[in-house]
Amino acid sequence: MRADRYVSSQRTDLSRSDVKKLIRMGKVTVNGEKVRTPDEHIPDGAEVCVDGVPITYREHIYIMLNKPQGYVCSTREGASPTVLELVPPGLRRRGLFPAGRLDKDTEGFVLITDDGALAHDMLSPVRHVPKTYYVRLEKPYEEKYAELFAEGMIIDGNEKCLPAESSPDPADPLACTIILHEGKFHQVKRMFEAVGNKVIFLKRIRVGDLDLDPNLPLGRCLEIMHKDVEKLLCR
Ligand code: URA
């Protein structure tokens, strides 16, 4: 592993050229010895310090975004702004992408990462990682929905859904939560349409066993640390 890559993995607030400058200034040490050039090799298990403070190599980054309406879950720039534009400079790195899609008008938890393997597992139709949504409806929630969703309903004539769990919001007759174990296109909206209702507000509030941080304002990001990354896959 090159010294500049190692330092950049931890100090995401610095650009690659800032990291190179730090190294040339002699502020990075490996096992107590100053690193001289950015391409110097860091041996496995070495103690690496920046300004005397130990750092560790982080291969990937995991970002929780509280997505506002109006942003698309895409890496490609188009007519609408993408969720990547909401990632603050300190958390940006090459290769970031949103793991999974929320509709442009859906709010809530989007994972942004550069870890393709974790995203694959999280979205895999085989793993059935649960995603929980808060839903507000046009007409009151009806008890019968829970049974229909639990059976695994058919939407749009021929698309069979996996069983889903829904429960009413005791404080609001128009609201409920629903847990899906897959991610079909517009699935929550289409399931409620199939039972004769309409979604007027949708927010993803949980992925796997990890809740959207209730203190995270709309449009803001926070970095998910290792113990919580495991929860994304319910491990
Ligand atoms: N289901 C939907 O209908 N929309 C979303 O954004 C997510 C799930």
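The values are calculated or read from the model by the stated rules, or taken from the named source; none is laboratory data. Predicted model only: the values in this text are computed from it and were never measured. Methodologically, a virtual Cβ is constructed for each residue, glycine included, from the backbone with ideal geometry; neighbour enumeration extends over all protein chains shown.
Computed values, structure above
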| quantity | calculated |
| --- | --- |
| Identity of the residue in the range 153-189, without any contact (Cβ under 8 Å) to a residue 12 or more places away in the chain and over 23 Å from the mean Cα position of the chain (by Cα), that ends up surrounded by the most Cβ atoms within 10 Å (Cβ to Cβ) | 160 |
| Unmet requirement for residue 229, which otherwise passes all of (1) farther than 25 Å from residue 126 by Cα; (2) more than 14 Å from the ligand (Cβ to nearest atom) | (1) |
| Residues being within 11 Å of the ligand (Cβ to nearest atom) and either free of Cβ contacts under 8 Å to residues at least 24 places away in the same chain or not basic (Lys, Arg) (or both) - total across the range 202-226 | 1 |
| Residue ID - nearest to residue 230 (Cα to Cα), chosen from residues in the range 132-145 that are more than 14 Å from the ligand (Cβ to nearest atom) and surrounded by 15 or more Cβ atoms within 10 Å (Cβ to Cβ) | 145 |
| Elements of type strands (runs of 3 or more DSSP E) contained in the range 135-233, each with 2 or more residues being modelled with pLDDT of 95 or more and either over 16 Å from residue 102 (Cβ atoms) or outside the structural domain of residue 100 (by TED's automatic domain parsing) (or both) | 165-169, 172-180, 199-207 |
| Options 35, 19, 28; residue that is crowded, with 17+ Cβ neighbours inside 10 Å and touching a Cys at 6+ places or on another chain (Cβ under 8 Å) | 28 |
| Filter pass, residue 233 being farther than 22 Å from residue 149 by Cα, under 22 Å from the mean Cα position of the chain (by Cα) and of a type in the set (A, V, I, L, M, F, W, C) | yes |
| Considering residues of the range 190-200 that are crowded, with 16+ Cβ neighbours inside 10 Å and not aliphatic (A, V, I, L, M) only, the residue farthest from the ligand (Cβ to nearest atom) | 197 |
| Test: residue in the range 92-100 that is assigned by TED's automatic domain parsing to the domain that holds residue 66, without any contact (Cβ under 8 Å) to a residue 40 or more places away in the chain and within 16 Å of the ligand (Cβ to nearest atom) | yes |
| Residues of the range 61-91 classified as hydrophobic (A, V, I, L, M, F, W, C), outside any loop (DSSP other than H, G, I, E, B) and free of Cβ contacts under 8 Å to residues at least 60 places away in the same chain, total | 3 |
| Residue pairs meeting the criteria (Cβ under 9 Å; at least 6 apart or on separate chains; first touching a residue at least 24 places away in the same chain (Cβ under 8 Å), in the range 107-128; second in a loop (DSSP other than H, G, I, E, B) and hydroxyl-bearing (Ser, Thr, Tyr)) | 110/71 |
| Residue list for the range 101-131, filter: within 15 Å of the ligand (Cβ to nearest atom), over 22 Å from residue 87 (Cα atoms) and β-branched (Val, Ile, Thr) | 129 |
| Complete set of residues in the range 97-131 that are touching a strand residue (DSSP E or B) at 6+ places or on another chain (Cβ under 6 Å) and surrounded by fewer than 18 Cβ atoms within 10 Å (Cβ to Cβ) | 104, 130 |
| Among the candidates 35, 30, 53, 19, residue that is at pLDDT 90 or above, touching a Ser or Thr at 6+ places or on another chain (Cβ under 6 Å) and farther than 30 Å from residue 134 by Cβ | 19 |
